[in-house]
Each structure stands twice: as structure tokens, then as C-alpha cells.
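Reviewing the structure listed below.
The values are calculated or read from the model by the stated rules, or taken from the named source; none is laboratory data. All values derive from a computational prediction rather than experimental measurement. Because the Cβ atoms are built from the backbone with ideal geometry, glycine has one as well, and the counts that use them run over all protein chains shown. In case anyone asks, the SASA skips ligands and DNA or RNA and just uses the protein heavy atoms, side chains included. Shrake-Rupley method; radii C 1.70, N 1.55, O 1.52, S 1.80 Å.
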Amino acid sequence: MHSSIRRAWVEVDLGALLRNGAAIAAHAGVNIVPMVKADAYGLGAVAVARTLDQLDPWGFGVATVAEGEELRRAGIHPRIVVFSPLLPGDFDAAVRAKLTPTLGTREGIERWQETRLPWQLAIDTGMNRAGVQWDEINALNDLILRSPPEAAFTHFHSAEREDETRALQERRFEEALGRMPTRPALIHAENGAAVEHRAPSRWNIARPGIFLYGITSGNSPKIHPEPVVSLRARVIDLRTIAAGETVSYGATYRAPTERRIATLGIGYADGYRRVLGNRASVLLHGRRARVVGVVTMDMTMVDVTDVQCEIGDSATLIGSDGADRIDVVEVAAWGEMSPYEILTGLRGRLPRRYVGVEESE
Ligand SMILES: *Cc1c(COP(=O)(O)O)cnc(C)c1O
């Protein structure tokens with residue numbers, strides 16, 4: 001075992017990942033484009049894509065050309081769609097890696113059409129981030145006629161919320177599609193939360209991301225993902241401190257009585273955020289132990305006065321231990337962050353340990 005694996009690691013349950021993918025595709029009633037951008041939200045894009053490849057997805061979604069190239073180097077063959085706008089300097093690399101761009105500007109479409117390769121039309125219906133604005137699509141009609149996109153899509157800004165914004169975006173999307181000279185064969189719009197919110201899909205493909213990785217927007221009683229990610233770190237030091245002693249930088253924790261303090265081999269350079277100090281808890285032998293003092297770059301201290309533990313024991317910062325579990329959303333709430341930030345932040349030195357199924361290679 002690599003020594004860094006002993007200090008702290010991310011455990012990824014590929015079996016749960018696969019079941020979540022199958023569940024959301026079945027619920028949507030259409031094929032999926034699993035979003036594996038940002039290294040599959042920090043879980044490891046290659047292992048995640050190899051696993052989800054077993055579901056025969058329509059393709060995979062990434063954010064950058066470099067992410068697509070990494071999947072190609074790993075032998076991932078299905079379509080790979082790049083969901084951020086390409087810079088002019090990205091085009092050649094995208095062609096070489098057989099990536100499919102999402103385009104929404106005249107310059108981009110004209111340039112890509114020289115390649116005669118497939119492309120997708122990004123339609124902005126309210127996110128105001130990327131793509132052609134829904135009411136300006138007519139300006140692209142000559143290009144669309146010359147070489148139509150294989151798909152058109154939009155993206156909801158508040159799919160997890162029960163409000164009118166989704167209906168408004170859908171009306172704008174339909175209006176834009178109606179103005180196109182030909183309706184593309186493939187239409188897609190939904191992220192994971194949108195599928196949870198309403199199924200079956202009224203389009204042809206769904207684009208789930210965080211649901212695959214075990215996190216629900218919580219708005220469907222019918223479909224619930226299995227947890228996929230656990231974060232564990234070992235106890236690397238133990239001490240008893242007297243009442244009045246402080247812990248960590250800035251002395252933000254002061255022991256009210258004699259306390260037993262365990263030091264875990266994980267810190268904010270691993271993605272266990274500094275802000276979690278004095279807020280989060282971890283599980284040790286199935287019991288909760290509070291983080292005391294600020295999280296440092298490489299180490300995190302927890303109060304184990306009421307928990308028996310020894311050096312080398314592993315603590316669970318995310319995941320199950322005994323009857324208790326700490327979910328990503330709970331950690332995110334402690335840090336006043338989004339679960340997306342917690343997952344994509346678990347990087348740096350943290351090795352990933354894959355469990356649950358054999359990789360299909
Ligand atoms: C990230 C992303 C998704 C997936 O979103 P989740 O909220 O993780 O399900 C879908 N579509 C686009 C365009 C995205 O950028």
C-alpha cells in the first residue's frame with residue numbers, strides 16, 4: 001500500500017455509482033450524458049467514465065479540451081461533449097481528440113464547420129453564461145442550414161427549486177427551437193436535479209452530474225442516490241491537554257476542561273476546508289468527535305475525550321462508520337458551502353481508493 005494512502009484517502013464506491021447512473025437513466029426514460037467534468041467532481045474521471053461506460057451512455061460531458069483528451073488517452077471511446085466555450089487555440093486539439101464542442105457564436109460555428117465534424121448548439125435561456133441567447137438565434141440560421149448541429153441544448157439555473165424559472169426557461173428554449181430552420185434530432189436540457197424534479201424527460205438525453213456521485217437535490221421521493229464518496233484520515237498523533245490550553249492557529253479553541261485531542265493526517269491542502277474548524281465532526285469507532293481549532297494545511301485536530309482511539313485508527317470525515325454517517329451535504333452545511341465545492345475540492349494529495357466493482361478493464 002502506498003504510504004500516502006495510509007494517511008488519508010477518498011473512497012469511491014463504483015458499484016453505487018453504476019447503480020445511481022442506471023437509476024437516473026431509468027427515471028428519466030432516456031439515455032444519459034454523464035457529466036464527468038472537473039475530474040468527475042473530484043472522484044477521478046477515468047475510473048468513473050470506465051464504470052459508467054457499462055451503461056452505454058450516449059456520451060460523456062466535460063468542461064475543457066484537456067479533460068476530454070485525458071479520457072481519450074484512457075481509451076474512452078463514446079462521444080465526449082465539451083460544455084464550455086472553446087477558445088480559438090483549442091480547436092485543433094479538440095479535432096485531434098475527436099471531441100464534440102458546444103457552440104453559440106458565429107465565429108465558433110463557422111470555424112468548426114470547416115472540420116465537418118459534429119457539433120452541438122448551446123442556447124442560453126437565462127443562465128447568461130454561454131451559448132447563443134434564445135431570442136438571437138435567427139442570426140445563426142444561415143450557418144445552421146449549412147451544417148446543422150446534431151443537438152441543441154440549454155441549461156437550467158435553478159432546477160432544484162420549485163419556482164417558475166424552469167417553466168420560463170423551457171418556453172424560451174421551445175421558442176428558440178421553433179425559430180431554427182430545422183429542429184435538431186437531439187434536444188437536451190436536464191441536469192440531475194431537473195430529472196429528479198420531473199420525469200420522464202420530455203427531451204432525448206439527460207445530463208446528470210452530482211446525482212451520480214451520491215448527492216440528491218432532495219426534491220423527489222421516488223428516486224434517491226446511494227452514497228458514493230467516503231473521506232477517511234488516520235489518527236497520527238494523540239495528546240491530553242489541560243483546561244485553558246488552546247488548539248491550532250489563532251487559538252480559536254480553548255479547552256474548558258482537560259481534553260484528549262487526536263490529530264488527523266488531513267488538512268485544507270487535501271480539500272478538508274479550513275472553515276470546517278470548530279464546526280465539523282468526524283466519526284471514530286462509530287462515535288462523533290468534534291473538530292477543534294482551525295483546520296491546518298496538513299493536520300486537523302478532533303476532541304476524542306469520549307472516544308477510545310489509538311494512533312493509526314481511521315476516522316471518517318464523510319461516509320459511514322457503525323450506525324452513524326456524515327453526508328457530503330452535512331459537511332457542506334457546516335462550511336456554508338455547496339456539496340459541489342466539497343466534492344471537487346477533495347484533491348491535492350488525496351489518493352482515491354475504488355471499491356464496489358472491478359473496473360471494466
Ligand atoms: C455540470 C453540468 C450538468 C450537471 O449538473 P448537476 O447539477 O451536477 O446534475 C449538466 N449540464 C451542464 C451544461 C453542466 O455544466
When N counts the residues of segment 229-355, how does its alpha-carbon radius of gyration compare numerically with 2.2 N^0.38 Å, as a ratio?
-> 0.98
Determine the dipole magnitude for segment 187-269: charges of +1 sit on the beta-carbon of Lys and Arg, -1 on that of Asp and Glu, nothing else is charged, the reference point is the Cα centre, and the result goes in debye to the nearest 20.
-> 60
Could you tell me which of 71, 42, 55 has its Cα farthest along the dipole of segment 40-95 towards the positive end, charges placed at Cβ (Lys, Arg +1; Asp, Glu -1), taken about the Cα centre?
-> 55
How fast does segment 264-319 diffuse by Stokes-Einstein, in µm²/s, taking the Kirkwood radius from C-alpha pairs at 10 °C and 1.306 mPa s?
-> 143
Return the whole-Å distance between the Cα centroid of segment 28-93 and the Cα centroid of segment 100-123.
-> 18
Acute angle (nearest 10 degrees) that the helix 165-179 long axis makes with the longest principal axis of the chain, alpha-carbon atoms | 30
Got a number for carbon plus sulfur as a percent of the chain's accessible area, 1.4 Å probe?
-> 49
Per its Cα gyration tensor (rounded if a/c is under 1.5, else prolate when a/b beats b/c, else oblate), the chain is best filed as prolate
Assuming a ≥ b ≥ c are the square roots of the Cα gyration tensor eigenvalues, decide whether segment 33-213 counts as rounded (a/c under 1.5), prolate (otherwise, with a/b larger than b/c) or oblate.
-> oblate
Under a 1.4 Å probe, what is the accessible area of the chain per residue, stated in Å²?
-> 44
222 nm mean residue ellipticity, helices alone, for the chain (DSSP H n ≥ 4; -39,500 (n - 2.57); rounded to 500) | -7000 deg cm²/dmol
Quick one: compute the contact order of the chain, relative version, from alpha carbon pairs under 8 angstrom and 6+ residues apart, as a percent.
-> 20
If you keep only loop residues by DSSP, which chymotrypsin sites (Phe, Trp or Tyr not before Pro) in segment 235-321 have at most 15 other Cβ atoms within 10 Å of their Cβ?
-> none
Take the alpha carbon atoms of segment 288-361, find their center, do the same for segment 251-271, and report the distance between the two centers in whole angstrom.
-> 14
Just the accessible area for residue 180, please: 1.4 Å probe, Å², rounded to the nearest 10?
-> 10
